[in-house]
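**Student:** Okay, here's the structure, questions in a sec.
Derivation of every value follows stated rules applied to the coordinates shown; laboratory data play no part. Values in this document were obtained by computation on a predicted structure and should not be read as measured data. Neighbour counts run over all protein chains shown; Cβ positions are idealised from the backbone, glycine included.
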Amino acid sequence: CQSAVGFSSVLFAWVTAAAIDMREFCPLFFAPTLCFKTYYLDTRLPVLNWLAGMGIVPQLGVNAGPFCLLIVCQIILPRSAFVGHLAGILVGYPVAWGWFSWLTPPFLAELVLFVYVLALPGDRRDANLPSRGTSPFLKYVPL
């Protein structure tokens, strides 16, 4: 059984993020009058509305356009990955709301370096100490 993983879920995430940034999103080029408005969730709590006005808590926008695009994509391409596209849409909402704004390139580089260092082999001179894995790029040289 062969399977392939595509980039379409990432594209659906970016389409969702772009749709939330627009006041009105028209997902289908062959139906230009079929547009979806972006609605913002109202919490009805004065404290959260005040924080949203200050920019501390982002406004949570919701747009149904990406779901329409998902359904049309499934009709046109019935063997496309419905779950992958849906996952892309569901990840696109937190991206648009700014929940991943802390994930900057320097932080990612630091995180990758940290995980790589954890994968380096431990001290193998003592057989009782467990090894933490091997690194394909660095050779372990005991001191």
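**Student:** Gain in length, Phe67 to Ala87, computed as 0.36 nm per residue apart minus the alpha-carbon separation, to one decimal in nm?
**Tutor:** In short, 6.1 nm is gained.
**Student:** Report the extension gain between Ile75 and Val10 in nm, rounded to one decimal, defined as 0.36 nm multiplied by the number of residues separating them, less their alpha carbon distance.
**Tutor:** 21.4 nm
**Student:** Next question, about the same structure. Sort 87-93, 8-14, 21-27 for me by packing, meaning the mean count of neighbouring Cβ atoms within 10 Å per residue, highest on top.
**Tutor:** With the highest mean Cβ count within 10 Å placed first, the list reads 87-93, 8-14, 21-27.
**Student:** While we're on this one: Residue by residue through the range 22-38, which ³J(HN,Hα) values in whole Hz follow from phi under the Karplus form 6.51 cos²θ - 1.76 cosθ + 1.60 (θ = phi - 60°), with glycine and proline marked x?
**Tutor:** Computed from phi, the couplings for the range 22-38 are 9, 6, 9, 10, 10, x, 10, 5, 8, 9, x, 8, 8, 10, 10, 7, 8 Hz.
**Student:** Additional query: I need the peptides 97-109, 64-76 ranked by packing, meaning the mean over residues of other C-beta atoms within 10 angstrom, with the highest value on top.
**Tutor:** 64-76, 97-109
**Student:** Out of residues 5 or more away from Cys26 or on other chains, whose amide H comes under 5 Å of its own, with H placed 1.01 Å from N in the peptide plane?
**Tutor:** Here the answer is Phe36, since their amide H atoms fall under 5 Å of that of Cys26.
**Student:** For labels at Tyr116 and Leu41 in the simple 7 Å Cα→Cβ model, what's the distance in nm?
**Tutor:** 3.8
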